[in-house]
Amino acid sequence: MSLDRGALVEAARESIARGSKSFAAASKLFDAATRERVWLLYAWCRACDDLADDQDHGGALGAQAGAAERLEQIRRLTARALGGDATGHFAFDALGVVAAECGINAVHTGDVIAGFALDAAGWRPRTELDMLGYCYHVAGAVGVLMALVMGVDPEDGDTLNRASDLGIAFQLGNIARDIAEDHAAGRCYLPADWLAQAGVDEGELMAPRNREALAAMVARMCATAQLYEASARAGAARLPFRCRWAVLSAAGIYGAIARKVAARGPRAWESRVSTSGFEKLRFLGGGLIGAMAGAPEQVPLVPYRRGELAQAVARV
C-alpha cells in the first residue's frame, strides 16, 4: 500500500480534534499505537457520517436530496480502501491502513454502512427490536470496530458483543437526547408500537400534551441503555489497562446523557443535555478506578445480542 501513513494519521488527528473534542481528549488515554489507529478509524466514521447527512464534521443536517448517490459513494470508496487501493479521500485511505493492521473486513464496515442506508431510505422502527437493530448498525457496529482496533481477537465473539453493547447504549442515549432535533428534521427513532400504545401521533410528537407520554417512553429507553452499558463494562475488563480506562471513562461520560435525560422527565428537551468539563474529569477518575477494580461480579442480561440485531432490520 503506497499511502503515507504518517500524513494520514496527522489528517485523522485534525479531524477528531475538529469533530469531537470529547473523543479527542479520551483518545489520549490509549497507548500511542492504539491512539493512532483510533484516529484513523474515527476519520472514516466521521467522513461516512458527513457524506450520508451532507454535513461537515457534524452540525445541522444538509440537503437530503441525493442521499442514495452519497450512500453509493460511501460503499464504493470503502470497498476500494479495503482492497488496498488509494481512494483520493484521506478518510477512506485511513480506513484502508487501519483495516490492514487490525483485521477489519467488509462485513464489519458493511454493518456500519447499513445504518446510513436506513436513514437514506427514511426508515422507521416498528418495534423495540427494530430500534435496537438500528442502534447496532449506527453505533454498536462501530463499537465492534473499536474493539478490533484495541486488539480484541476477531474470533472473540463475546467480547465483541460487549463492545457492541456499549455502542448501543450510547446510541439509545443520543436518540433520547435528540428527539426534538430529529423531529424537526423529519426523523423519529421511537418504535411505532410504543407511540401507538401511548396514543401519540408521530407528527405531533413534541406537542406539550404529549410530553408526559414521551418522557415515559424515554425512561424505558434509558433503562435499556443502562442494561447495555452494564454489559459493556464487563467486557472492558478483558482489554489492556489503558484501553480499559478509556472505555470505562467513555461509558461514564456518554452514559450520563441517558441518565440526565431520564432524570429531567418531560423537561428533557428544553435545553440540550451535555456533560461539563468537571463531569468529564470526574468520569475519567471513575474510569481509572474501574480499570483497576476488575470485572463486575454480576452482569445483567440485555434484551438482544449483536448477532440478532445485525439481522433485525433485514426483516423490516
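Table for the structure above
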quantity: Sole exception among (1) among the small types (Gly, Ala, Ser); (2) open to solvent by 30 Å² or more (accessible area, probe 1.4 Å); (3) modelled with pLDDT under 95; (4) in a helix (DSSP H, G or I) for residue 2, by number; calculated: (4)
quantity: Residue identified as open to solvent by less than 10 Å² (accessible area, probe 1.4 Å), in a helix (DSSP H, G or I) and small (Gly, Ala, Ser) among 163, 147; calculated: 147
quantity: Selection from region 21-50 of residues that are of a type in the set (Ser, Thr, Tyr) and either crowded, with 17+ Cβ neighbours inside 10 Å or free of Cβ contacts under 8 Å to residues at least 12 places away in the same chain (or both); calculated: 27, 34, 42
quantity: Tally of residues being part of a helix (DSSP H, G or I) and within 21 Å of residue 168 (Cβ to Cβ) across region 255-273; calculated: 9
quantity: Matching helices (runs of 4 or more DSSP H) fully within region 24-106 where at least 2 residues are over 26 Å from residue 118 (Cβ atoms); calculated: 32-53, 90-102
quantity: Region 265-281, residues that are buried (at least 17 other Cβ atoms within 10 Å of the Cβ) and modelled with pLDDT of 90 or more; calculated: 268, 269, 273
quantity: Region 24-59: number of residues that are among the polar types (S, T, N, Q) and over 15 Å from residue 12 (Cβ atoms); calculated: 1
quantity: Residue that is surrounded by the fewest Cβ atoms within 10 Å (Cβ to Cβ), among those in region 61-105 that are acidic (Asp, Glu) and in contact (Cβ under 8 Å) with a residue 60 or more places away in the chain; calculated: 101
quantity: Among the candidates 219, 215, 225, residue that is at pLDDT 95 or above, open to solvent by less than 20 Å² (accessible area, probe 1.4 Å) and more than 16 Å from the chain's Cα centre (by Cα); calculated: 215
quantity: Subset of region 275-290 that is within 20 Å of the chain's Cα centre (by Cα) and in a helix (DSSP H, G or I) - its residue that is farthest from residue 246 (Cα to Cα); calculated: 280
quantity: Flag if residue 141 is closer than 22 Å to residue 260 by Cα and under 18 Å from the mean Cα position of the chain (by Cα); calculated: no
quantity: Where residue 241 falls short, out of the listed (1) crowded, with 22+ Cβ neighbours inside 10 Å; (2) closer than 17 Å to residue 159 by Cα; calculated: (1)
quantity: Pick from region 198-208, criterion assigned to a helix (DSSP H, G or I) and either farther than 18 Å from residue 262 by Cα or touching a Phe, Trp or Tyr at 6+ places or on another chain (Cβ under 8 Å) (or both), ranking: most open to solvent (accessible area, probe 1.4 Å); calculated: 204
quantity: Within region 296-313, tally of residues that are loosely packed, with under 14 Cβ neighbours inside 10 Å and either in contact with a strand residue (DSSP E or B) (Cβ under 9 Å, 6 or more places away or on another chain) or not in a helix (DSSP H, G or I) (or both); calculated: 5
quantity: Conditions (1) farther than 18 Å from residue 176 by Cα; (2) in contact with a Phe, Trp or Tyr (Cβ under 6 Å, 6 or more places away or on another chain): number failed by residue 217; calculated: (1)
quantity: Subset tally (residues that are under 19 Å from residue 227 (Cα atoms) and open to solvent by 20 Å² or more (accessible area, probe 1.4 Å)) for region 167-188; calculated: 4
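This table checks each residue for (1) β-branched (Val, Ile, Thr); (2) without any contact (Cβ under 8 Å) to a residue 40 or more places away in the chain; (3) out of contact with any Asp or Glu (no Cβ under 6 Å at 6 or more places or on another chain); (4) within 24 Å of residue 69 (Cβ to Cβ).
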residue: 116; (1), (2), (3), (4): no, no, yes, yes
residue: 120; (1), (2), (3), (4): no, no, yes, yes
residue: 125; (1), (2), (3), (4): no, no, yes, no
residue: 129; (1), (2), (3), (4): no, no, yes, no
residue: 138; (1), (2), (3), (4): yes, yes, yes, yes
residue: 141; (1), (2), (3), (4): no, no, no, yes
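To keep it simple, each residue is scored yes or no on (1) of a type in the set (Ser, Thr, Tyr); (2) farther than 30 Å from residue 80 by Cβ; (3) not in a helix (DSSP H, G or I).
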residue	(1), (2), (3)
117	no, no, no
124	no, yes, yes
131	no, yes, no
141	no, no, no
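The values are calculated or read from the model by the stated rules, or taken from the named source; none is laboratory data. The structure presented is a predicted model; accordingly, all values stated were derived computationally and were not measured. Cβ atoms come from the backbone with ideal geometry, glycine included; neighbour counts cover every protein chain shown. When the accessible area is computed, the model is the full protein with side chains, heavy atoms only, and any ligands, DNA or RNA have been set aside. Shrake-Rupley method; radii C 1.70, N 1.55, O 1.52, S 1.80 Å.
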